[in-house]
Amino acid sequence: MFRKPNQTEKSICVGLLATLLAFMFWYFLFDYQRQKDESEAYLEAASYGNVLRSEMDRELNSLLFISNGLSSFIKVYRNHLETEKVQAILADLWAQAQHVRNLAVAVDYKITYVYPEKSNEKILGIDYRDVATQWPKIKLAIDSRQGVLDGPLALIQGGSGMIYRFPIFVDGKYWGIISTVIDTNGFLDAAFKNNRNSEFEFAIRTAEDKHVFYGDPRLFNQKHAYIQESRVPNGKWEWVIENKKIHNLHDRKFGAWLSLFFSVLVGLFAYFFAKERYYLSEGALMDSLTGLPNRRSLENRLNYVHSEAKRFNKRFGLIALDVDHFKSINDNFGHDVGDEVIKTVASLLKSNIRDVDTVSRIGGDEFVIVARDQHSEDSLVKVATKLLSVFKKPMHIHGHEIPVRLSIGLTLFEPTSEVALKQLFKQADIALYQAKQKGRNTYSFWQK
C-alpha cells in the first residue's frame, strides 16, 4: 500500500522544486549574459581584425609598387640595358624601400641582376626552372601574367622571407621576371606597430598550406576566436583574432541562492524572460525570410564602411535594387511562391558579390548592397552588369517557370565629399527610380 507523504516529506519536495527552479533561473540568466558578452567580444575582435587587415594592405601595397616602376623602366630600355645602370636603379629603389632584403631581375628565367649583391651572390645565374620549391609560384605568375606573393619561405641565399614575383611581358611575349624579397618580420611589425592592443591576440597563416607565419598557431584552435580572410596577390591569408575578454567570461560564478519563495516566483519569470530575450537577440539583426542582414544591421555595417572610407580615403558603392513587377508575381502565383522568389533572389545576390561586401533585405522586394573599395564608377557598373546577367534565366519554383528581373540604382561615395549616409541612400533610391523609368531590367547611375 502507498501511504500519504507526511509534512516533512512534502517540505523536502517543495525545497527540491524551489532549488531546481532557482538553478534554472541562474543558469539561463547567466547563459544569456554570457552569450551576449561573447557576441560583443567577438564583434570587437572583428573590428580590430579589419583595422589590422587595412594597415597590412597599405604597407604591402607600398612595397608592391616597386615592381611596377622597375617593370616600366625595363620595357622602355630593354634593348639598351647596361649592368651598371640596372644596378644603380635597383640600388635607388632598394634604398627608398623599407623591409626589402633584396631586388632581383631575371632575364628569361635566369637571375641576371641582384641588389645588394653582398650576401646574395648565391642566387646570381640561377635558373628558376631548376629551383623546385619556387618554380610553381613563378610559373603561376608567368601563366597568369599577374604578380604572385610567395612565402614566407626558405631563401636560397639563407634566411627566410616573402617574395613578390612580377612578370614582364614585352609586345605580348614573356621577357623576364622581377623578384622583391621582403623581410617578413620587419614588414609585419611595421604594419601593426600603430595598432597594438594588449586586449587582443592574433595570428596569420597562408590559406593554401595553413603555414602560420605570425603569432601563436594555437589561436586557430580557439573556439571563440574570430577568423577572417584577406587577399594577397594570387593568394589568400587567414587571420585569427582573439579577444582576451573571452577567457574571463567563463570564470563567473553564480550568485547566492535566493530565498525559497523568491526563487520560485522570480526563477520562473527569469527563465522564460531570458529564453525569450535569447531568441529575440538571435533575430534582431537578421531578416527572418532570407537570413540576410536587415535594415538595422545594414545601418551598423554602413556606418563602419563610411568611417573606414573617410579615414583611409577610399570609395565605396551603394546599390539599391528591387524585383521588377513583384506584385504581379504575388498576384499570379500566390504569396508562397513570392516568398520563394525573394529567398532565391537573396541567395543569388549573396553568392555573386564578394565576401567583403554586404547584401541586405530592407523590406518587401527591396535589397541594398554595400560594395567596398570601388575605384571608380566603372567598377560599380561591372557589379550591376554581373547581377543583371545572373537573372537572365527564369526561376523554377513549385513547378512554375517565373522570369525575374531587377532594376538597379547605383551611387558612389567619394571620401572627399561631405555626403551623409541619409543622402547617399536617397541618391541610390533616385537612381533606382530612374532605372525603372528607363524600362526596368537595367541599372542607372546617380548623377548630380
Qualifying residue in region 405-414 (condition: in the same structural domain as F391 (by TED's automatic domain parsing) and free of Cβ contacts under 8 Å to residues at least 24 places away in the same chain): no
From the options L124, L43, L64, L52, residue that is within 19 Å of Y164 (Cβ to Cβ), of a type in the set (A, V, I, L, M) and out of contact with any Pro (no Cβ under 6 Å at 6 or more places or on another chain): L64
Criterion violated by K426 - all others in (1) part of a helix (DSSP H, G or I); (2) under 26 Å from the mean Cα position of the chain (by Cα) satisfied: (2)
Top-ranked residue in region 41-63 [being under 22 Å from H247 (Cα atoms) and among the small types (G, A, S); ranked as surrounded by the fewest Cβ atoms within 10 Å (Cβ to Cβ)]: S47
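Condition check ((1) aliphatic (A, V, I, L, M); (2) on the phi > 0 side of the Ramachandran plot; (3) in contact with a strand residue (DSSP E or B) (Cβ under 7 Å, 6 or more places away or on another chain)) across all residues:
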residue: V341; (1), (2), (3): yes, no, yes
residue: S351; (1), (2), (3): no, no, no
residue: D357; (1), (2), (3): no, no, yes
residue: R361; (1), (2), (3): no, no, yes
residue: D378; (1), (2), (3): no, no, no
residue: K382; (1), (2), (3): no, no, no
residue: L388; (1), (2), (3): yes, no, yes
residue: H396; (1), (2), (3): no, no, no
Number of positions in region 289-308 that are hydrophobic (A, V, I, L, M, F, W, C) and outside any helix (DSSP H, G or I): 2
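Taking the stated definitions as given, is K173 at pLDDT 90 or above and touching an Asp or Glu at 6+ places or on another chain (Cβ under 6 Å)? It would help to see each step written out before you state the result.
Working: at pLDDT 90 or above: yes; touching an Asp or Glu at 6+ places or on another chain (Cβ under 6 Å): no.
No.
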Residue satisfying all of: in region 357-369; more than 27 Å from T416 (Cβ to Cβ) and among the acidic types (D, E); surrounded by the fewest Cβ atoms within 10 Å (Cβ to Cβ) among these: E366
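Take region 208-230 and flag every residue that is surrounded by 15 or more Cβ atoms within 10 Å (Cβ to Cβ) and either within 15 Å of L52 (Cβ to Cβ) or touching a residue at least 12 places away in the same chain (Cβ under 8 Å) (or both). Spell out how you get there, then give the answer.
Pass one, region 208-230, residues surrounded by 15 or more Cβ atoms within 10 Å (Cβ to Cβ): 212-215, 219-220, 222, 224-226, 228, 230.
Answer for region 208-230, where residues must be surrounded by 15 or more Cβ atoms within 10 Å (Cβ to Cβ) and either within 15 Å of L52 (Cβ to Cβ) or touching a residue at least 12 places away in the same chain (Cβ under 8 Å) (or both): F213, Y214, G215, L219, F220, Q222, H224, A225, Y226, Q228, S230.
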Selection within region 295-332 - aromatic (F, W, Y), over 13 Å from L421 (Cβ atoms) and surrounded by fewer than 17 Cβ atoms within 10 Å (Cβ to Cβ): F312
Candidate set: region 175-203, residues that are without any contact (Cβ under 8 Å) to a residue 60 or more places away in the chain and assigned to a strand (DSSP E or B); chosen: the one nearest to Q146 (Cα to Cα): A203
From the options G147, G151, G158, residue that is in contact with a Leu (Cβ under 7 Å, 6 or more places away or on another chain) and among the small types (G, A, S): G147
Pick from region 429-447, criterion polar (S, T, N, Q) and in a loop (DSSP other than H, G, I, E, B), ranking: surrounded by the fewest Cβ atoms within 10 Å (Cβ to Cβ): Q447
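Okay, residues lined up against (1) surrounded by fewer than 21 Cβ atoms within 10 Å (Cβ to Cβ); (2) more than 14 Å from L321 (Cα to Cα):
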position	(1), (2)
L380	no, no
K386	yes, no
K392	yes, yes
M395	yes, yes
H398	yes, yes
F413	no, yes
T416	yes, yes
V419	yes, yes
K426	yes, no
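Residues that are buried (at least 16 other Cβ atoms within 10 Å of the Cβ) and either within 23 Å of the chain's Cα centre (by Cα) or not assigned by TED's automatic domain parsing to the domain that holds F200 (or both): does region 64-74 have at least one? Outline the logic, then answer.
Step one: of region 64-74, the residues buried (at least 16 other Cβ atoms within 10 Å of the Cβ) are 64, 66-67, 70-71, 74.
With the extra rule that they be either within 23 Å of the chain's Cα centre (by Cα) or not assigned by TED's automatic domain parsing to the domain that holds F200 (or both), the set shrinks to 64.
Checked against the condition, which is being buried (at least 16 other Cβ atoms within 10 Å of the Cβ) and either within 23 Å of the chain's Cα centre (by Cα) or not assigned by TED's automatic domain parsing to the domain that holds F200 (or both), region 64-74 yields at least one hit.
Looking at V148, V131, can you tell me which residue is among the aliphatic types (A, V, I, L, M), touching a residue at least 24 places away in the same chain (Cβ under 8 Å) and closer than 17 Å to N61 by Cα?
Criteria check complete, one pass: V148.
Return the residue satisfying two criteria in turn: it lies in region 174-199 and is touching a Gly at 6+ places or on another chain (Cβ under 8 Å) and of a type in the set (A, V, I, L, M, F, W, C), and of such residues it is farthest from V114 (Cα to Cα).
Residues of region 174-199 touching a Gly at 6+ places or on another chain (Cβ under 8 Å): 181-184.
When the remaining residues are screened for being of a type in the set (A, V, I, L, M, F, W, C), the result is 181-182.
Values: V181: 11, I182: 14 Å.
Among those residues, the one meeting the criterion is I182.
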Residue that is surrounded by fewer than 14 Cβ atoms within 10 Å (Cβ to Cβ), modelled with pLDDT of 90 or more and in contact with a Lys or Arg (Cβ under 9 Å, 6 or more places away or on another chain), where the choices are R372, R354: R354
Options F169, F192, F187; residue that is closer than 14 Å to S67 by Cα and surrounded by 13 or more Cβ atoms within 10 Å (Cβ to Cβ): F169
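The values are calculated or read from the model by the stated rules, or taken from the named source; none is laboratory data. Note that the coordinates shown come from a computational prediction; the quantities given were computed from them, not determined experimentally. Note that each Cβ is placed from the backbone with ideal geometry, even for glycine, and that neighbours are counted across all protein chains shown.
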